[in-house]
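Below is one structure, written out as structure tokens, with a few remarks after it.
The values are calculated or read from the model by the stated rules, or taken from the named source; none is laboratory data. Everything numeric in this text was worked out from a predicted model, so none of it was measured. Glycine gets a Cβ as well: all are built from the backbone with ideal geometry, and neighbour counts include every protein chain shown.
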Amino acid sequence: MGQGSRPVLVRSFEDKAVLAGKRTLLWLGDHPTPANVSSAAAADWDLTIGKIDKPLGPQFKQAKLVLIGANGSATDPRWLDGVLGELDRTSVVGVFLLRDDARAAWSLLANRMGNFLCVSEGATAGELAAKLAAAGALQRGIENLCAELSTSRTMGSDGTQDIEEEMRLASRLQRDFLPKQLPEVGGLRFGALYKPAGWVSGDIYDIMRLDETHLGFYVADVVGHGMPAALLTMFIKKALLTKRIAGRTYEIVSPAASLAALNNDICEQDLSSCQFCTAVYCVMDAENLMLTYSRAGHPEPIILRAAGTVDMRRTPGSLLGIFPGEKFYPTDVKLCRGDRLLLYSDGAECGLFGQRRCNEEQIRQGAIALAGLSLDEMFAQISARINADRAANGAEDDVTVVVMDVG
């Protein structure tokens, strides 16, 4: 050590990596480290062995990238949920190295969004090195976004911009577009649950009286989140055509025609983002209890019959905002007293049926379990499930449920 030089205090394995001109790659997996992992990391990464049975948060904070190996824990969905939660709380990017037959793990990760990538454990060293390079680029992008967000928050504290206050006002404005009082016509009674994943929602619903005997109601779900999706929900609210008025006469527009007109309106806007959405629109005749609905890529309405059976149709209909001139199709259903109709966005599946991404049989069984509950009891149960799921996994999607009871 030359005269006047000072010793360098190395505080963590990330500091060591910086001194070596490399970034830290934390390996969580089998020992010894697989040959493809060692070879892939050799050129650009300082490979550090983590401890899979120890708390992950402190280990993640000392790394830029974490590579999770294909051992028993890494294919356990519950353990994977914990890893994903830790990744969400940091700017670290994860790369999951999974066995090809780990179907549950592949399925879980394919249906989640976050700062991670997946690769087969059989990948060559070259393939894995390319995946690590892509993950490294993603990590740098996340760091840049975090820096920009920090700057924005600083600007807000200086009084030049207050993002949180703007989002709060946007949330309040969007809720002002929702019905303030649910109509009652004849024996029809409505209930609604609306739980955005963040300040604003990509879901919207409405229930409106069209005339003395007809009600129109819908649920729409914009593909995407945040402010762009929320703005499109407001457009939907204003653009959906429910009646044509000519002088002193009017015509109730059929759900199929309403969705076709809305689809054309969205296509004509030529939106640059969040331009796709799903919707289901219903018109109910309270006098003869005839329901007519059409859907556009949205979950099918569910009818819980008074006798305890579940009625689900398969109505065709594409997403809104993709192709102008698209056709939508009507479904007519005769309802009876004691029946219950459910409309919902896909984010509500866990609350309604007890699990996410259900198949048709799981939906039927989950719906039957709700049939005997009052509206208040049903919404309390749905809300409790959603709250528990969000506590475990975070708020991943907006939730909307609209229920009509036929009394």
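Residues being among the β-branched types (Val, Ile, Thr) and more than 16 Å from Glu121 (Cβ to Cβ): count how many of those fall in segment 38-55.
Within segment 38-55, the first condition is being among the β-branched types (Val, Ile, Thr), and the residues that meet it are 48-49, 52.
Filter once more, keeping what is more than 16 Å from Glu121 (Cβ to Cβ): 48-49.
Residues meeting the conditions: 2.
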What number goes with the only condition from (1) part of a loop (DSSP other than H, G, I, E, B); (2) touching a residue at least 12 places away in the same chain (Cβ under 8 Å); (3) not charged (D, E, K, R) that Gln181 does not pass?
(2)
Given the residues Met290, Met312, which is the only one that is among the hydrophobic types (A, V, I, L, M, F, W, C) and either in contact with a Phe, Trp or Tyr (Cβ under 7 Å, 6 or more places away or on another chain) or under 22 Å from Val253 (Cα atoms) (or both)?
Met290
Could you list, in sequence order, the residues of segment 184-218 that are surrounded by fewer than 19 Cβ atoms within 10 Å (Cβ to Cβ) and in a loop (DSSP other than H, G, I, E, B)?
Glu184, Gly186, Gly187, Ala197, Gly198, Trp199, Asp211, Glu212, Thr213
Right, Ala371: surrounded by 15 or more Cβ atoms within 10 Å (Cβ to Cβ), touching a strand residue (DSSP E or B) at 6+ places or on another chain (Cβ under 7 Å), over 19 Å from Ser201 (Cβ atoms) and at pLDDT below 85 or not?
yes
Is it true that some residue in segment 242-263 is under 30 Å from Ile382 (Cα atoms) and surrounded by fewer than 14 Cβ atoms within 10 Å (Cβ to Cβ)?
no
Condition check for Gly224: on the phi > 0 side of the Ramachandran plot and modelled with pLDDT under 80:
yes
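Looking at segment 243-253, which of its residues are touching a strand residue (DSSP E or B) at 6+ places or on another chain (Cβ under 7 Å) and of a type in the set (Ser, Thr, Tyr)?
Passing the criteria: only Tyr250.
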Given the criterion within 27 Å of Asp405 (Cα to Cα) and in contact with a helix residue (DSSP H, G or I) (Cβ under 7 Å, 6 or more places away or on another chain), identify the matching residue among Ser201, Ser254, Ser258.
Ser201
Do we find that Leu9 is among the hydrophobic types (A, V, I, L, M, F, W, C), at pLDDT 60 or above and on the phi < 0 side of the Ramachandran plot in this structure?
no
Restricting attention to helices (runs of 4 or more DSSP H) lying wholly within segment 65-166, give those where 3 or more residues are loosely packed, with under 15 Cβ neighbours inside 10 Å and either in contact with a His (Cβ under 6 Å, 6 or more places away or on another chain) or at pLDDT 70 or above (or both).
125-157
Please specify each residue of segment 221-250 satisfying the condition of being farther than 22 Å from Val283 by Cβ and not in a loop (DSSP other than H, G, I, E, B).
Val222, Gly226, Met227, Pro228, Ala229, Ala230, Leu231, Leu232, Met234
